[in-house]
Amino acid sequence: MTVTRAEHCVIACAEAWRDAGEVLASPMGLIPSLGARLARLTFSPDLLLTDGEAMLVAPDGTVEGWLPYRRHLALVTGGKRHVMMGASQLDRHGNQNISCVGDWARPRRQLLGVRGAPVNTLNNPTSYWVPRHSARVFVERVDMVCGVGYDRAAGARFHRVERVVTNLGVFDFATPDRSMRLVSLHPGVTAGEVRDATGFAPVIPDEVPYTRDPTAGELRLIREVLDPGRAREREVRS
């Protein structure tokens, strides 16, 4: 059975929480949410999911418990949460911008604002989801630092940018200078496409594997349980 690009992206996001133990997953966006729920149903059964407010929930939304704000903050600031955020801009060291485009003192475009990005990145593991990989997103220098990258996080106890998942592939920062490295290509994508769509030179090994296919069981969960309406295919087109 043919696996779509969107389904490879769901798998790549799910892998961010593999064997995570009892940590709070905070996926932002459809594909990351599908990934977190898939991970909970398969290889990370202790993962904690929320309804976005004050309840701990099962992958189907059934309430499992109460998460008061004070307890939520304890998880956030104590390294017991793994958030997957979006990014309007990302640079080679994982600095993220979701606030503005252009000079921050007089921006050309106003975006979401800094929000909780500094606290997220300095206090718990963070990953990023970018549905449209382009040189407008992956830039040499972000216009404003919201999420903190490796070159600015000295001494932050729980800082860790785990991975970046895009519609082209998966990246990490496991290099000597903590710059972005291509880890896997989604099937059908070439290293040249990644290079051309990135505004800086990412580290690209001589041999890059493909993102793994979902198992038959995972594919059934994605298609029949988690997203029978195929909303994933509208976010990432094959």
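Things to note:
- Loop-exposed GluC sites (Glu not before Pro) per DSSP, neighbour cap 16 Cβ within 10 angstrom, longest uninterrupted part of the chain: 54-139
- Here the simple spin-label model places points 7 Å from the Cα toward Cβ, and for Phe200 and Ser134 these points are separated by 2.0 nm.
- The charge dipole of the stretch 1-111, taken about its Cα centre with unit charges on the Cβ atoms of Lys, Arg (+1), Asp and Glu (-1) only, comes to about 460 debye.
- Computed in the context of the full set of protein chains, the accessible area of the chain at 1.4 Å probe radius has 50% of its extent on carbon or sulfur.
- Charge sum, other residues only, whose C-beta stays under 9 Å from Ile222's C-beta, Lys/Arg counted +1 and Asp/Glu -1: -1
- Karplus-derived 3J(HN,Hα), 6.51/-1.76/1.60, for each residue of the stretch 76-87, Hz, glycine and proline x: 4, 8, x, x, 9, 9, 10, 9, 10, 9, x, 7
- Helix-derived mean residue ellipticity, 222 nm - over the chain, DSSP H n ≥ 4, -39500 (n - 2.57), to 500: -6000 deg cm²/dmol
- When you restrict to C-alpha pairs under 8 Å that are six or more residues apart and normalise by the size of the stretch 1-116, the relative contact order lands at 19 percent.
- Loop-resident chymotrypsin sites (Phe, Trp or Tyr not before Pro) (DSSP state other than H, G, I, E or B) in the stretch 1-103 with no more than 13 further Cβ atoms inside 10 Å of their Cβ are absent.
- Charge tally in the Cβ shell below 14 Å around Ala39, where Lys, Arg are +1 and Asp, Glu are -1, Ala39 excluded: -1
- Whole-angstrom gap from the stretch 94-112 to the stretch 171-203, using each part's C-alpha centre: 24
- Charge tally for Asp177 (other residues, Cβ to Cβ under 15 Å; Lys, Arg +1; Asp, Glu -1): 0.
The values are calculated or read from the model by the stated rules, or taken from the named source; none is laboratory data. These numbers come from a predicted model, not from an experiment. Quick reminder, even Gly has a Cβ in these numbers, built from the backbone with ideal geometry, and neighbours come from all protein chains shown. Accessible surface is based on the protein model in full, side chains and every heavy atom, while ligands, DNA and RNA are left aside. Shrake-Rupley method; radii C 1.70, N 1.55, O 1.52, S 1.80 Å.
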